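These notes concern the structure reproduced below.
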């Protein structure tokens, strides 16, 4: 059975084979698939820890049926978390982290778990801190278009709420039915409104985050102009939960457009439209296996990567296809072959990343680095920049308990 | 003689008494006016240092006629720098800083020196590093609207250049004829286009900065989407030269509007228009002395501060007037009295800052904290946030040579 799903980042509809309904048990454990990654020197969860968590979050400590929390949306990563904590307030997040930091227990923050780079699930047995129950809207100022809400609000719910007040939300993506705004901010989600409203770095007016030691950093301003000290909130935007856990955000929400224009193609039936729309993705899947990449490139090089890959791969692959967002330079590159092949993969990478780096592109346009791409960071960032990032990580999270094995390359 | 000048941040025309043409000699030294501020444990510039600088920057080491570099635009701060360095390249900035860091010589980066909070001049004898000669445009991509240029480009020059390519620059302010884009970015300048295009946090695509130790951090990306690691450039935006010296920036430049609408008032002559426009500022000056503040407030409290100050000050002041940018919550508050009075000042501050803090406003909407407002930071930022800022400062500039006595409160 085939199921059509919305692409998690660009709202395009893509074909996936039953992945939402299939069992997650067969997904290989990340620790098995990536044997080179070694577990850090963290504590293991004991009964006494569970008792403390239960006291802090009565009835909201899960230890059974954790498959959904342990497996990523693409079914490419599976962690072995034994406990999921579901706080309702910033104070509860603070209490959890203070405890975990003292006991050196590693944690992974999780929103809607819709990420595509393995950033939202554990690698080993990190404790999952889920924002599922932190879904309250704190305030809305209709005149200035300022929304303040908890991190666990689902993006589509926020859009519905705002719509009733003639406002809209400046970020939109395919996963909006399940992704959380805190996760969107933590991963600096891109999506289809970026060209119109700009990135979250410009649209997040403020945020509240809890540091690894439990300290609450309140930068939940609703002001458009505030030049008092360093703009700390910016560091949390896109840090993928490695510098702190975002518990609330303040967003600049533009007026809802009075009209939306839709273009119609003059073909004979609605089925034909679907057929055309799906042909690319479906065709790719029919080829067998698909190697997928999400990169940014300066416009003059936007399609060059497709041509370069065709030349390099020759008959080793069936097809090389690129499409995406010309407006913001985000290219979706797809290569197909009858089945997965290490030989093909080795021919693609790191050549592809080198090509992107040589053309001043980014190896991850929208999805972040997470677990799967962390060691490719040098293709997009300089050594001095990465060194600074590591220094910042050490400053914010000296025990390294926050989302380990993610974003930054091995220390 | 009275001179009409453009306000440095909001393009409004304000009256200033000959301040551009008057001698700067009479401006009191900052070290005298603020006797509580003690010089840090820095080295002093010796002849051997000057010889090194001359070797690094042949013919571009100034030691005479430094009044213009030592005095701020408002003529409220005067430093005692004995040397001004004028590098032309990032490599030269790097060489200077590496040397200064080793010798523990403090520096103050200076662009157009148009700041209003004493951030761009020395407090004691810090070495001025001027970006005056770093004014090259590096590249322009007309299709994607991406400009890359050195930090010392004058804002108005960039606008003229872009205008020839049917593009415009997303930031505009009264000082544009002399302020540098590097300084705009370093201070996160606001201005009159913020409501239309958003802040520099959303419009700066990349930047290059030199750290205190001379290391060059190249984040000069031109991509709109790049989610690879922490967005370090954001930290430099608004850090007022305390984390690194910005040497180049990459800007997202929107299309130049095809039409600009101008509103005309139906009055009898052009002189009347000027008269109306100038009446506020002129009236304030005629009252004697004017206490000026630049704050942000949530819209529901936008004018409340004016009323609160009127009630508090009673007959102690002649007038309390507020005007500003309703669109972005930026209020310009002015109080007048026949002459400067410590008694009046003590009645205004810290009450005013407390009021702004209690109403979730910002004590500095556009101007930054610089030297003059650094100890008021806690009125707008939490203790935990300021502690993080200090940690970041220590990480980036362990010897504290970059723009000391600015932005952060006394350590």
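The values are calculated or read from the model by the stated rules, or taken from the named source; none is laboratory data. As the structure is a prediction and not an experimental result, all values here were calculated from the model. Heads up, the Cβs are rebuilt from the backbone with ideal geometry, glycines too, and the neighbour counts pull from every protein chain shown.
Points to keep in mind about this one:
- The listed residue being farther than 14 Å from residue B:356 by Cβ and without any contact (Cβ under 8 Å) to a residue 40 or more places away in the chain, out of B:313, B:285: B:313
- All of (1) surrounded by fewer than 20 Cβ atoms within 10 Å (Cβ to Cβ); (2) under 27 Å from residue A:39 (Cβ atoms); (3) at the interface with chain B (Cβ under 9 Å from one of its Cβ atoms) hold for residue A:384 with one exception: (2).
- Residues in the range A:207-235 that are in contact (Cβ under 8 Å) with a residue 12 or more places away in the chain and out of contact with any helix residue (DSSP H, G or I) (no Cβ under 7 Å at 6 or more places or on another chain): A:220, A:221, A:222, A:223, A:233.
- Within the range B:356-381, tally of residues that are within 10 Å of chain A (Cβ to nearest Cβ) and touching a residue at least 12 places away in the same chain (Cβ under 8 Å): 18
- The range A:58-85, subset more than 16 Å from residue A:125 (Cα to Cα) and surrounded by fewer than 19 Cβ atoms within 10 Å (Cβ to Cβ), residue modelled with the lowest pLDDT: A:74
- The range B:356-386, subset assigned to a helix (DSSP H, G or I) and touching a strand residue (DSSP E or B) at 6+ places or on another chain (Cβ under 9 Å), residue nearest to residue B:235 (Cα to Cα): B:385
- Being surrounded by fewer than 22 Cβ atoms within 10 Å (Cβ to Cβ) and within 18 Å of the chain's Cα centre (by Cα) holds for only one residue in B:292, B:347, B:373, and it is B:292.
- Unmet requirement for residue A:175, which otherwise passes all of (1) at pLDDT 95 or above; (2) in a helix (DSSP H, G or I); (3) closer than 28 Å to residue A:376 by Cα: (1)
- Members of the range B:91-117 found to be within 14 Å of chain A (Cβ to nearest Cβ) and in a loop (DSSP other than H, G, I, E, B), listed by number: B:115, B:116, B:117
- Filter result for residue A:148 (more than 10 Å from chain B (Cβ to nearest Cβ) and touching a strand residue (DSSP E or B) at 6+ places or on another chain (Cβ under 8 Å)): yes
- Index of the failed condition, residue B:165 passing every other in (1) in contact (Cβ under 8 Å) with a residue 40 or more places away in the chain; (2) assigned to a loop (DSSP other than H, G, I, E, B); (3) farther than 20 Å from residue B:247 by Cβ: (1)
- Failed condition for residue B:353, given (1) more than 12 Å from every other protein chain (Cβ to nearest Cβ); (2) out of contact with any strand residue (DSSP E or B) (no Cβ under 8 Å at 6 or more places or on another chain); (3) surrounded by fewer than 22 Cβ atoms within 10 Å (Cβ to Cβ): (1)
- Residue B:183 being within 11 Å of chain A (Cβ to nearest Cβ), over 24 Å from residue A:327 (Cα atoms), crowded, with 24+ Cβ neighbours inside 10 Å and in contact with a strand residue (DSSP E or B) (Cβ under 9 Å, 6 or more places away or on another chain): no
- Counting the residues of the range B:316-344 that are surrounded by fewer than 16 Cβ atoms within 10 Å (Cβ to Cβ) and within 14 Å of chain A (Cβ to nearest Cβ) gives 2.
- Qualifying residue in the range B:126-138 (condition: outside any strand (DSSP E or B) and more than 29 Å from residue A:298 (Cβ to Cβ)): yes
- None of B:232, B:207, B:223 is more than 9 Å from chain A (Cβ to nearest Cβ) and in contact with a strand residue (DSSP E or B) (Cβ under 7 Å, 6 or more places away or on another chain) except B:207.
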